[in-house]
Amino acid sequence: MARAYSYDLRRKVIEAIELDGMKRSEASEFFNISRNTINTWFQRRRETVSLLSMQNWATFAARGFD
């Protein structure tokens, strides 16, 4: 299984798109990640309100939300 991208990179990509106005295709080339990966991050954030990878999300959820 491929290693998950770091939370820091995910945050930087999302900020570049939302705050700096970079297009997703531009961010894909700039950060050298696939456009599909970026789309997945946006979809995951919409569904879970988080940028954590699914593995990290599962660990976080197992510990509880308190």
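Values in this text are rule-based calculations from the coordinates and carry no lab data. Please read all numbers here as calculations on a predicted model, not as lab measurements.
Odds and ends about this structure:
- If the chain linking E47 and L19 were pulled fully straight, counting 0.36 nm for each residue of separation and taking away their Cα-Cα distance, it would gain 8.0 nm.
- Whole-Hz couplings from phi, Karplus 6.51/-1.76/1.60, listed for segment 29-39; x for Gly and Pro: 6, 4, 8, 6, 10, 6, 5, 4, 4, 4, 4
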